[in-house]
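Everything on this sheet refers to the single structure shown next.
The values are calculated or read from the model by the stated rules, or taken from the named source; none is laboratory data. Here the structure is a predicted model, which means the values were calculated and not measured. Please note: Cβ atoms are built from the backbone with ideal geometry, for glycine as well, and neighbour counts cover all protein chains shown. Ligands, DNA and RNA are excluded from the accessible area calculation, which covers all protein heavy atoms including side chains. Shrake-Rupley method; radii C 1.70, N 1.55, O 1.52, S 1.80 Å.
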Amino acid sequence: MESLGVLLAARIDPYLEAELDRRFKLFRFWESPPAQRREFLRENAEAIRAVVGSPARGADAEMIDLLPRLEIVANFGVGLDKVDLRRCRERGVRVVYTPDVVTDDTADLAIGLAIAAMRRICDSDRYLRDGSWKDKGDYKLTSKFSGKTVGILGLGRIGQAVAKRAEGFGCPICYCSRSEKRHTNYKYYPSVLELAANCQVLVVACPLTEETRHIINREVIDALGPKGVLVNIGRGPHVDECELVSALLDGQLGAAGLDVFEHEPHAPEQLFGLDNVVLVPHIGTDTLETSKAMADLILENLEAHVSNRPLLTPVF
Ligand code: NAP
């Protein structure tokens, strides 16, 4: 039987790469220079029947069109914004992703970023390391996280996990989603503006779509206000980054904890000197445990596909 040709669109996880290489015929996209990638796809178009993508590089319309034998796109992550779902549907290409296994880590990081930004953990760590504690005395007072009202934009798998964790800190929870959830008593706001005006810590946990691009605009940031905290563990383009930078520089927003940025791998350098901002390089799911679980889910889905068994985690 012809071995499944799998294009790995980006360097993701060494275990996943080794297993794809062992079980299938692997094509490493990054090994061809950017200017020759179209040619690379044309040359291998007869063999490639699967694409494994990441939050950085998925399967766009051009890639899908250059691969006439493509049958399945497997997305290493739950966010599908780098996969052209419409083109996949039109072409009858199946799509799988890795929901649930990413939830705990991403929710843990959201709480970590909120506390780190409010308690100035990163800045006070620098203060100790550069000798300031010895030379200048105690670090300044910071803001308490426990008991603050946490607003969640997108009460899905991750949003609910953030809510559960924040409840453990005695935080009242409110949220905004496309629809009100009957299974919770959390306060629902139909608009993100109302949510921002009524919470102290706003956590972005919705998918990136045309509707949610720049959903955190200047008006929302102003509603959150000089004591408000923004945590983004969704996607960078959810936030109008220019407005966020200007609000933080002017003291119009209290603090921010950011895992994702509008132009990754670039983060706004104007924020590097601010003590009330914590910046991490899109590490939401990057633990050994979760990376392995995501890789196994991708591999099991591809194995199911080649042996005509039902897919484990299909988008469609
Ligand atoms: P999910 O279970 O599908 O939940 C998404 C939630 O967002 C749903 O509650 C949905 O509301 C809501 N939503 C969708 N469109 C909205 C809109 N226009 N306005 C308000 N809410 C809206 O997805 P998940 O597993 O929680 O993941 C959420 C996102 O987190 C992913 O798409 C991904 O981009 C991001 N993520 C980031 C990392 C990271 O490393 N930083 C890791 C994992 C995931 P309804 O239920 O009302 O439809």
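Here are the numbers for the structure shown:
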| read-out | value |
| --- | --- |
| Counted residues, the range 236-264 - those being within 21 Å of the chain's Cα centre (by Cα) and either in contact (Cβ under 8 Å) with a residue 40 or more places away in the chain or within 13 Å of the ligand (Cβ to nearest atom) (or both) | 12 |
| Residues being of a type in the set (G, A, S) and more than 18 Å from the chain's Cα centre (by Cα) - total across the range 45-73 | 4 |
| Index of the failed condition, V245 passing every other in (1) part of a loop (DSSP other than H, G, I, E, B); (2) touching a Pro at 6+ places or on another chain (Cβ under 6 Å) | (1) |
| Within the range 34-49, tally of residues that are within 10 Å of L67 (Cβ to Cβ) and open to solvent by 40 Å² or more (accessible area, probe 1.4 Å) | 2 |
| Conditions (1) open to solvent by 10 Å² or more (accessible area, probe 1.4 Å); (2) small (G, A, S); (3) closer than 21 Å to D125 by Cβ: number failed by G257 | (1) |
| Of all residues in the range 295-316 being in a helix (DSSP H, G or I) and out of contact with any helix residue (DSSP H, G or I) (no Cβ under 8 Å at 6 or more places or on another chain), the one that is farthest from F76 (Cα to Cα) | V306 |
| Boolean, D100 is closer than 24 Å to L288 by Cα and surrounded by fewer than 22 Cβ atoms within 10 Å (Cβ to Cβ) | yes |
| Residues within the range 268-293 that are in a loop (DSSP other than H, G, I, E, B), of a type outside the set (D, E, K, R) and either in contact (Cβ under 8 Å) with a residue 24 or more places away in the chain or crowded, with 16+ Cβ neighbours inside 10 Å (or both), tallied | 9 |
